[in-house]
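What follows is one structure encoded as structure tokens, with my remarks underneath.
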């Protein structure tokens, strides 16, 4: 019985290592890609409340409206990330096709859905 706490700690460490190993490279890379390319306007939380985001009227990506609009439409989101957004001949969002790999855009599209889920959890 005196070894039980040691066994429990060892088991917890092993489980933690197993969970960390399950994370894919994409899981680790997406936050960095988001921070560099999306967060300046949309913010770390996706709400668009940064100084630049407010000036450019960046969408709140966590809003119910945006989440519904793009739910199960990852190809549309990827196209938007790739080609950017232009309204009334004004660039609203710069295209990222020359900056990001296709896989990064796919992961960002998935991340958009996660932003909506995080909002629901709060």
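Please treat every number below as a calculation from the coordinates, not as lab data. Source: prediction; values computed, not measured. FYI the Cβ positions are ideal-geometry reconstructions off the backbone, even for glycines, and counts take in every protein chain you see.
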Exercise for review: Once you have the Cα-Cα distance between residue 103 and residue 64, take 0.36 nm times their residue separation minus that, and quote the gain in nm to one decimal.
Suggested key: 11.5 nm
Revision key, fill the gap. By the mean-Cβ-within-10 Å protection proxy, highest first, 87-94, 57-64, 44-51 rank as 57-64, 44-51, 87-94
Check your understanding: If you average 1/r over all unlike Cα pairs in the range 26-121 and invert the result, what Kirkwood radius do you get in angstrom?
Key -> 13.4 Å
Review point. Separation between the residue 110 and residue 49 pseudo-spin-labels, each 7 Å from Cα along Cα→Cβ, expressed in nm?
Key: 2.8 nm
Review point. Which distance in nm do the two modelled labels at residue 73 and residue 88 give, with both placed 7 Å along the Cα-to-Cβ direction?
Key: 2.2 nm
